[in-house]
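What follows is calculated from the coordinates using simple rules that are stated; it is not laboratory data. What you see is a predicted model, and the numbers here were worked out from it, not measured in a lab. Neighbour counts are summed over all protein chains in view; Cβ atoms, including those assigned to glycine, are modelled from backbone coordinates with ideal geometry.
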Amino acid sequence: MYEDDDQPQVDITKLRYVLYARKSTDDPKRQIRSIDDQIDECKLLAERDGMRIVKELREEKSAKIPGKRKVFDEMMTGIKTGKYDAILAWNPDRLARNMIEGSEILNLADNGTIQDLKFVTHYFTNDASGKMLLGISFVMADYYSRNLSQNVTRGVRKGLKEGKSSGTPKHGYIRGEDGICRPDDQDGCKNFELICEA
């Protein structure tokens, strides 16, 4: 184990990188190009810097709650067992948006199990400053997820107080431009009547 100032320089061309790409939503209509775009940009970085990618991993799960991503767990097992030396990702928030998994990555970098972390959008150095900045990135990703959740919940509550519904209208109802659901019986349409009868 080296003190941060005594860290040996790592030859990134000799490391085995695992490329990890993740999109946040399970909805196939949203972020449809996200994973392919992340992989393309990571490959460009790898080619430019002479990194060897030995495995590409793709995941379509949220990283907000720890322990819910099988592909992430597979990658971490590969790191711990020596199958991979380093991780390449588009941004730190692709790896973790919660402090448990973020801390695990920092700990593995700290003890040398993860020999390098490379990101397209973030510069990481394996020293005290680099780990602090990466930790801040994980904290900010965690904050973003929690804050977004609070804001969406607040917006839904406000809409409900105004008589507006959220989500998909119930069968037989249609949402107007004002956001309020009304029976779908306008313009000769009898959907509301038919649903009531059913």
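By how many nm would the segment from Arg182 to Lys43 grow when fully extended, if each residue of separation counts as 0.36 nm and the alpha-carbon distance is taken off?
Length difference between fully extended and current span is 44.9 nm.
Sum up the charges of everything whose Cβ sits under 10 Å from the Cβ of Leu19, counting Lys and Arg as +1 and Asp and Glu as -1, but leave Leu19 out.
+3
What is the extension gain from Lys190 to Val54, computed as 0.36 nm multiplied by their sequence separation minus the C-alpha to C-alpha distance, in nm to one decimal? Can you show the working numbers first?
On the way: separation 136, 0.36 × 136 = 48.96 nm, distance 5.92 nm.
Working it through step by step, the gained length comes to 43.0 nm.
Check Leu88: other-chain or 5+ apart residues with amide H under 5 Å from its amide H, H built from backbone geometry?
Amide H neighbours of Leu88: Val18, Leu19, Tyr20, Lys118.
Full extension from Asp36 to Asn91: what is 0.36 nm times the residue separation minus their Cα-Cα distance, to one decimal in nm?
Length gained between Asp36 and Asn91: 18.4 nm.
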